[in-house]
Structure formats: C-alpha cells, structure tokens
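Q: Dumping the structure here so I can ask a few things about it.
The values are calculated or read from the model by the stated rules, or taken from the named source; none is laboratory data. Note that this is a predicted model, so its numbers are computed, not measured. Cβ: placed from backbone, ideal geometry, glycine included. Neighbour counts: every protein chain shown. Accessible surface is based on the protein model in full, side chains and every heavy atom, while ligands, DNA and RNA are left aside. Shrake-Rupley method; radii C 1.70, N 1.55, O 1.52, S 1.80 Å.
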Amino acid sequence: MNVGIIGSGGREHAICYMLSKSKKVSKIFCFPGNAGTSSIAQNVDLNPDNFSELEKNCIEKEIKLLVVGPEKPLVNGIVDYFKGKSIKVFGPDKISSKLEGSKIFTKKICQKNNIPTSKFKICESLKETISYLKYSNFPLVIKADGLASGKGVYICRNFDDAKIASEEIFNGKFGRADQILVEEFLDGEEMSYFIVTDGKNFKFFGSAQDHKRVGEGDKGKNTGGMGCYSPSRLLTKDLEFKIQTKIIEPTLNAINERRGVYKGFLYVGLMIKNNDPFLIEFNVRMGDPECQTILPTLNTDLFDVLISCCDGTLNQININFSKLKSICVVLCSKGYPEKFENNIKIKDLDQISLLENQNIFHAGTLKTKTGIVSNGGRVLNFVSTSDNFSKSRDETINLIKKLNWENGYFRRDIGHKVI
Ligand code: AMP
Ligand code: GLY
C-alpha cells in the first residue's frame, strides 16, 4: 500500500523510517517532509492544511493511508474531510481533537467524570480574571484555551506575572480569546504516557520523560523538547492501572458520548505525585521527541498498528516493545529557542555510520543542491538504545561529537533523573 505522512519534524521522520521497514508498505510520500525523509520517501511540497490539494495528491499517487503527525490538521478536521472517501486517515476526528484544541473542553470533561487534574477556574474576561487572581494563592498556572504551539502556558509566581499573562492572552497573543483557564500549580514529576486506539479498544504505546527546558539541570526557557528517555522510570503496574481507569477510559467514553471517533495516538501528559496521576494535558498525536525515542523500541510492524486502528481491529493484534532503554538527544541551532540562523550547512551527515541500535532522525533540515542545511531550531535527533540508559546516552553523545556541527548545541544531561 502507498502511504502518505503529514508533517516535517523528527516525529514524522521516525514514523517514515518505521513504515519504510514494513513489507506491506510500497511507496511513502511526505507532505512536506525534510531532508531525512527524502532519502526513504518522496517529499511533496504542499501545505497540509489545504485538504483538497492533499486529496488530489493522494488520488494521483494512489495513497490509501494518510498518517497525520502534528495536531493542527487534526484540530482543523482533516479526518472529517476524508470521511466516506477511499483514503484511510490515521488520527482522531475534529470533536475528539478538541482534547488538544481546547484546554477548557478537556477540563470540563475532567470535571464531569471525576478525572484527576488540577483545580481550575474558567474566566470570561480580563476583569473577571483580575478579580479572581486578587484572592488566589501563588504559584498558579494561566493557560490560553486554544492551540499555541506550546507557548500558551504561563507558570505565574505572583499576581504581577499572572496579570501580564492574562493581558497577553485576552489581547489576542494566541488568537481571539473569550475565555481563559486559571489552574492550581501541581507539584510532582512529569511523565508522558501514550496509547493507540481504534475508537473501541486501546493499547499501550510507550512512556517517556522529556526535557522541555533549554538548559542543563532543566533550567532556562521552554522549548519544543531538548531530548527524552523511554521508558519512564516512574511507570509501575499500579500507576498504569490508575492512568488507564481514572483518566483514559473515562475520557474515551466521554468522546464516544459526544459521537467523536478517536482513531489514533493519544498523548497523556501527567504530573505524578505520591504514585498518583494527575492530568496536565492531552495531545491528540505522538510527542516530539517522544516518538523518536519510543519507536526504535517497537517490535511490531508499525503499519499493522496504524491500519488496525483505521479498520477498528486493534484487538486482533499484539503490540510488542523491546525492554531496551532509549535516549534521544536533540541537536539544536545555536540561539534556539530564541533567534537562530537557518541555511547553515551540515557537513558529513551521510558519512556517519550508524550501528543497528542507533538512528538519526531529521527535524529542521533541508536538502539543497550543495548538500543538507539547517532549517529550524531543532535540527537533528540522535537516538541510541541499549540495556542501560547511561550507555545509551554515551553512545548518543559520541555520535553527535562525530558530526561536530559548528552551529549546533545540545544538552548532555538528558535522562539525568534515571541515570
Ligand atoms: P501544557 O501545554 O498544558 O502541557 O503545559 C506545558 C507545561 O507547563 C507542562 O509540561 C508542565 O511542565 C507545565 N504545567 C502545565 N500545567 C501545570 C500545572 N497545573 N502545574 C504545574 N505545571 C504545569
Ligand atoms: N514533547 C512535547 C510535545 O510533543 O508536545
């Protein structure tokens, strides 16, 4: 079968790589992909938010399965657009995607179904927010309701921080805002837990802890993710049971009640406190760089997983992961997450020889006539798996040193909580 993948990051290169190993996959097309995907698939320069153009391409290229990497096309209703057409789309529909597209929608589901999460208040205007904040305890968290590329969350230490955050949100920094979410600050340790679902059943799809801060020791600005380790050291059978029964099952039931069809990955972002899970957020897709970290430990054909979700037959397959410890370190452009330069040549990338337990997944890269150049803040993902985290990290860092890219920097302490 010919498969299309939407997206251009490390997550999509990892998905593309895993699908390229499947005997059931003939040709892969990436919309638009990156330099890494171009060596195993055909990149198509197209804006994936233009659904009719995408459909035309799928028909022309005989694509029968579309895998959606990022959240935006899902929230915009790509699954609903293709409903009833002969192209299967792996991803949740528009109603289900509100789990990521509206933080207030998710909080209301939590409230109605007793799903453990932080206490919260929805405010309808700046004036109401300010009055509420005057009588609040700090720290607290202020969030824009809609998609904000990870930037709509403010951890506020005091009233002044919170006032600035509320003003920015109501002034339209993340698009029109009629409501705002004010949340209690949760203490604990974060963990990401993943499942795949076909709308009826769901199965575990890995766990991880990522490092969002730019600096070593988890300090400095937030980023899209500087690296990750998998599996999470926090995950026990007991904790997993609580995550599934107290959070995932009631959420999927609530989506079914609203006649949503959820076929895809669900990313459950959690705060763990005394072995109890609290929901921080849902994402309706795999994480990036969690996906790059987890997929190399998948022993089942990824195509089988994706197609069985589309067909509603997930209960007929087993999904197996190896017991290996995986570390992903992200090589970024100097300056990221603030100002950085693009179009910096990455020499000798194809000269690096990889062992079977190693991968380099591209993110912000572009193939030009004169070679591969950088094209984003997060540029390359280096991944190693082995029987211990320390060894995986050493091997990963050695690979990065071999490349020795002059415009790159990375964190050497990824996985420090487990090493
Ligand atoms: P979100 O986009 O909702 O995942 O928030 C981004 C990050 O902000 C999370 O990964 C947490 O580190 C932090 N965060 C969000 N909500 C809370 C909360 N209620 N308490 C503590 N930290 C939070
Ligand atoms: N690594 C965080 C995310 O994908 O949202």
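Q: Identify, among ILE195, GLY224, PHE159, the residue whose Cα sits farthest towards the positive end of the charge dipole of region 159-243, taking +1 on the Cβ of Lys and Arg and -1 on the Cβ of Asp and Glu, with the dipole about the Cα centre.
A: Positive-end residue among those listed: ILE195.
Q: Can you bin the chain into rounded, prolate or oblate? Criterion: square roots of the alpha carbon gyration tensor eigenvalues sorted a ≥ b ≥ c, rounded for a/c under 1.5, prolate for a/b above b/c, oblate for the rest.
A: Taking the square roots of the gyration eigenvalues as a ≥ b ≥ c, the chain is rounded.
Q: What dipole magnitude, in Debye to the nearest 20, does the chain give about its Cα centre under +1 on Lys/Arg Cβ and -1 on Asp/Glu Cβ?
A: 100
Q: Another question, then. Could you rank the peptides 192-204, 371-383, 234-246 by their average count of other C-beta atoms within 10 Å per residue, with the highest value first?
A: Ranked by mean Cβ neighbours within 10 Å, highest first: 371-383, 192-204, 234-246.
Q: Compute for region 11-149: radius of gyration divided by Kirkwood radius, i.e. Rg/Rh, restricted to C-alpha atoms, rounded to two decimals.
A: 1.12
Q: Taking every DSSP beta bridge with both residues inside the chain, roughly what % is antiparallel (nearest 5)?
A: 80
Q: Name the lysines eligible as straight-distance cross-link partners of LYS347: C-alpha to C-alpha under 21 Å, and not fewer than 8 places from it in the same chain.
A: Qualifying lysines at Cα under 21 Å: LYS334, LYS367, LYS369, LYS401, LYS402.
Q: Here is a further query. Each residue of region 121-133 in turn: what ³J(HN,Hα) in whole Hz from Karplus with 6.51, -1.76, 1.60 and θ = phi - 60°, glycine and Pro shown as x?
A: Ordered by residue, 3J(HN,Hα) equals 9, 9, 10, 9, 7, 5, 4, 4, 4, 4, 4, 5, 5 Hz.
Q: Of all the accessible heavy-atom surface of region 158-246, with the other protein chains kept in place and a 1.4 Å probe, what percent is carbon and sulfur?
A: Summing carbon and sulfur atoms, their accessible area is 48 percent of the total for region 158-246.
Q: Past the 26 Å Cα-Cα mark, which pairs from LYS72/LYS127; LYS112/LYS325; LYS23/LYS237; LYS212/LYS391; LYS323/LYS417; LYS107/LYS203? Provide the component values of the computation, followed by the final result.
A: Values: LYS72/LYS127 31 Å; LYS112/LYS325 38 Å; LYS23/LYS237 34 Å; LYS212/LYS391 22 Å; LYS323/LYS417 19 Å; LYS107/LYS203 24 Å.
Distance filter (> 26 Å) returns LYS72/LYS127; LYS112/LYS325; LYS23/LYS237.
Q: Oh, and also: Using θ = phi - 60° and the Karplus relation 6.51 cos²θ - 1.76 cosθ + 1.60, list the HN-Hα couplings for region 80-95 in order, rounded to whole Hz, with x at every Gly or Pro.
A: Calculated HN-Hα couplings, in order: 5, 4, 8, 4, x, 9, 8, 10, 7, 10, 8, x, x, 6, 5, 5 Hz.
Q: So, by mean Cβ neighbours within 10 angstrom, what's the order for 70-79, 144-153, 91-100 with the highest one leading?
A: Highest-to-lowest ranking by the protection proxy: 91-100, 70-79, 144-153.
Q: Another question, if that's okay. Given H placed on each backbone N at 1.01 Å, which residues far from PHE321 in sequence or on other chains put an amide H within less than 5 Å of it?
A: Correct list: ASN299.
Q: To the nearest 20 debye, what is the magnitude of the charge dipole of region 3-72 about its Cα centre, counting +1 on the Cβ of each Lys and Arg and -1 on the Cβ of each Asp and Glu?
A: The calculated dipole for region 3-72 is roughly 440 debye.
Q: Pop out the Kirkwood hydrodynamic radius of region 313-369 from its pairwise C-alpha distances, inverse of mean 1/r, in Å to one decimal.
A: Computed over region 313-369, the radius equals 15.4 Å.
Q: Let me understand region 149-205 better: what is its radius of gyration from the alpha carbons, and its Dmax, in angstrom?
A: Gyration radius and largest Cα-Cα distance of region 149-205: 16.5, 46 Å.
Q: Next question, about the same structure. Take peptides 260-271, 333-344 and line them up by average Cβ neighbours within 10 Å, highest first, as a rough protection proxy.
A: Going by the mean number of other Cβ atoms within 10 Å, highest first, we get 260-271, 333-344.
Q: Sticking with this one: For region 164-276, rounded, prolate or oblate, judged on the Cα gyration tensor with a ≥ b ≥ c (square roots of eigenvalues), a/c < 1.5 rounded, else prolate if a/b > b/c?
A: oblate
Q: Tell me the volume per residue, in Å³, of the convex hull enclosing the alpha carbons of region 78-183.
A: Value for region 78-183: 119 Å³ per residue.
Q: Moving to a separate point now. Once phi is turned into ³J(HN,Hα) by the Karplus curve 6.51 cos²θ - 1.76 cosθ + 1.60 with θ = phi - 60°, what whole-Hz value does each residue of region 251-260 show in order, with x for glycine and proline?
A: 5, 5, 5, 5, 5, 4, 4, 8, 6, x
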